[in-house]
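Below: one structure, written as C-alpha cells.
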Amino acid sequence: MKTLNIVGPGAVDLADRLVARLDGRVATVETLPETAARDTDASAAYGLSTDGSWIGAGDGETLDGLLDSLTPDYDVALTVGFADARLPTVAVADAEAAGEIRHTVAEAVEAALDPILDVVDDLEPRITLESLVRRAKASPQADRSGAIATFTGRVRVKDGEDDTPTTHLEFEKYEDVAADRMRTIRSDLEARDGVFEVLMHHRTGVIGEGEDIVFVVVLAGHREEAFDTVEDGINRLKDEVPIFKKESTTDEEFWIHEKA
Amino acid sequence: MQWKLFADLAEVAGDREIRVDVGPGATVGDALDALFEAQPALRDRVLNDSGAVADHINVLRNGENVGADDGLETTLVEGDELALFPPVSGGR
C-alpha cells in the first residue's frame, strides 16, 4: 500500500479528485477536528451490512496504527490534513508538513493530477507482516500449501537487564545490490521442494524501540520446510544482503560492526 | 570512476559518493589508491597493518565482491560501479 499525505486549503477536494484517478483499492483518512462522536460506551462500534459495506467508530487509534491495519487490504491510502505526519506529502499553497513534500500545487480544485499520480507511482510501498502474509496467500500455489512460517526482526531495547537501552536503530541499504541479493535468496529458497513463496522486506531509515525492522514469510506445503526455509531466509539475508545498522543507545551511537 | 561508500566509511569520508580521476583501463586497486588520495582518513579504516585491504572490508565492482588479492587487479571498464563497505550488519 502506498501512502500519500495531502495538506493545505482544499486538501479534501484534491483527495477526492485523486481517488477517481487512482488504480486499485483506495482508502482515505481525514483529520477530525474533534472527538469522533458515537452513541455507545463500547470502545469501538461497527455496522456491517450483508453486502459487505460497513461503518465504524472507536478510540485509541494512532495514524501509524491505522495505516498498518489498512496496509494489507488497500493499494493506496490518502491521508488528508495530517501536518505532523512523517509521510510523503503533497502541499497545497504554502502549507507546511513534517513529512517530505514531494509536490506542491497552488490550489486544490484545478490542480493538475498527473504530476501527483507520478509521485504516487514512485512511492515506496508501506509493508507490514500481514501484508506479506496476504500476498503469500494469494499465490497461485496456495491451495497446495498447509503452512505459513514468518519471522519478524524488531528493535530490541535491552540485551540483558543491565544493558544500556537502545533508543533506535538506523539502517542504510546498498539499494540495487541489496534487491538483487534478496531476489537471489528468494529464488534459491523457492526452488526447494514444497516451498511455494518466499517474501522478504527490510525497512531502512530510523526505526524506533520495539518497532519492526525485517520480515520473512514462507508459504510451503508442510511445516517442516516452512520452518527450515524461514530460518535459512533470515540467516542468509543477514549474511549476504548489504544493509548496515547503526545503533543509538541512551549513551552513544555506533555502527554495529564497529562493536563486534 | 565513482566510489559508493556506506556506514562508517561514508561518515569518515564525509560523503556517500566520491568521484576519483581514474578511467577505464585502470585497475580497481588504482581507483582505491585514488580514493585514499582524496580521503586519506579512509586508509586506516580500509587497510590492515600490511597495507592490504582488511578482511572485513568489502570491495564491490558492479555489485560483486572483487575478492582479496587478484580482485584489485581487475581492469575497470566504462560505467563500472565501485562500492566500499564494512561487514553487513547481521546482528544477533
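The values are calculated or read from the model by the stated rules, or taken from the named source; none is laboratory data. The model shown is predicted, which means the values in this text are computed figures rather than measured ones. All Cβ positions, glycine included, derive from the backbone under ideal geometry; neighbour counts span all protein chains shown. The accessibility values were calculated without ligands, DNA or RNA, using every heavy atom of the protein model including side chains. Shrake-Rupley method; radii C 1.70, N 1.55, O 1.52, S 1.80 Å.
Residues in the stretch A:173-211 that are within 14 Å of chain B (Cβ to nearest Cβ) and acidic (Asp, Glu): A:Glu175, A:Asp176, A:Asp180.
Collect the residues in the stretch B:1-12 that are open to solvent by less than 50 Å² (accessible area, probe 1.4 Å) and either of a type in the set (Lys, Arg) or within 14 Å of chain A (Cβ to nearest Cβ) (or both), keeping them in residue-number order.
So the first thing to find is which residues in the stretch B:1-12 are open to solvent by less than 50 Å² (accessible area, probe 1.4 Å), and the list is B:1, B:3, B:5-10, B:12.
Of everything in the stretch B:1-12, those that are open to solvent by less than 50 Å² (accessible area, probe 1.4 Å) and either of a type in the set (Lys, Arg) or within 14 Å of chain A (Cβ to nearest Cβ) (or both) turn out to be B:Trp3, B:Leu5, B:Phe6, B:Ala7, B:Asp8, B:Leu9, B:Ala10, B:Val12.
Selection of first residues in the stretch A:55-75 that are over 14 Å from A:Leu32 (Cα atoms) and of second residues that are of a type in the set (Lys, Arg) and assigned to a loop (DSSP other than H, G, I, E, B), restricted to Cβ pairs under 7 Å at least 6 apart or on distinct chains, gives the following pairs, ordered by first then second residue: A:Leu67/A:Arg126; A:Thr71/A:Arg126; A:Asp73/A:Arg25; A:Tyr74/A:Arg25; A:Asp75/A:Arg25.
Residue-wise test of (1) open to solvent by 50 Å² or more (accessible area, probe 1.4 Å); (2) over 22 Å from A:Thr250 (Cβ atoms).
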residue: A:Asp162; (1), (2): yes, no
residue: A:Val177; (1), (2): no, yes
residue: A:Arg181; (1), (2): yes, yes
residue: A:Glu190; (1), (2): yes, yes
residue: A:Glu197; (1), (2): no, yes
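Within the stretch A:235-250, residues that are at pLDDT below 95 have Cβ atoms under 9 Å from residues that are open to solvent by less than 20 Å² (accessible area, probe 1.4 Å) and of a type in the set (D, E, K, R) in these pairs: A:Phe244/B:Asp8; A:Lys246/B:Asp8, counting only partners at least 6 apart in sequence or on another chain.
Residues in the stretch A:55-70 that are exposed (fewer than 12 other Cβ atoms within 10 Å of the Cβ) and in a helix (DSSP H, G or I): 1 in all.
Restricted to the stretch A:129-218, the set of strands (runs of 3 or more DSSP E) holding at least 2 residues that are touching a residue at least 40 places away in the same chain (Cβ under 8 Å) and over 17 Å from the mean Cα position of the chain (by Cα) comprises A:147-154, A:166-173, A:195-202. Within the stretch B:31-62, the set of residues being closer than 12 Å to B:Trp3 by Cα and either within 14 Å of another protein chain (Cβ to nearest Cβ) or of a type in the set (D, E, K, R) (or both) comprises B:Asp33, B:Val59, B:Leu60, B:Arg61, B:Asn62.
Restricting attention to the stretch B:75-92, which residues are more than 14 Å from every other protein chain (Cβ to nearest Cβ), part of a loop (DSSP other than H, G, I, E, B) and surrounded by fewer than 15 Cβ atoms within 10 Å (Cβ to Cβ)?
Applying the first criterion (more than 14 Å from every other protein chain (Cβ to nearest Cβ)) to the stretch B:75-92 yields B:75-78.
Next, only the ones that are part of a loop (DSSP other than H, G, I, E, B) stay: B:76-78.
Within the stretch B:75-92, B:Val77, B:Glu78 meet the criteria.
Flag not set for A:Gly153, criterion: exposed (fewer than 15 other Cβ atoms within 10 Å of the Cβ) and either at pLDDT below 95 or within 12 Å of chain B (Cβ to nearest Cβ) (or both). Within the stretch A:101-113, residues that are closer than 15 Å to A:Thr89 by Cα reach partners that are in a loop (DSSP other than H, G, I, E, B) and open to solvent by 70 Å² or more (accessible area, probe 1.4 Å) with beta carbons closer than 8 Å, at six or more positions or on different chains, in the pairs A:Glu107/A:Pro9; A:Ala108/A:Pro9. Among the residues of the stretch A:33-53, is there at least one that is open to solvent by 100 Å² or more (accessible area, probe 1.4 Å), within 28 Å of A:His201 (Cβ to Cβ) and either of a type in the set (Lys, Arg) or more than 23 Å from the chain's Cα centre (by Cα) (or both)? No, every residue in the stretch A:33-53 fails to be open to solvent by 100 Å² or more (accessible area, probe 1.4 Å), within 28 Å of A:His201 (Cβ to Cβ) and either of a type in the set (Lys, Arg) or more than 23 Å from the chain's Cα centre (by Cα) (or both). Within the stretch A:214-246, how many residues are closer than 30 Å to A:Gly65 by Cα and facing chain B (nearest Cβ under 9 Å)? Residues in the stretch A:214-246 being closer than 30 Å to A:Gly65 by Cα and facing chain B (nearest Cβ under 9 Å): 9 in total.
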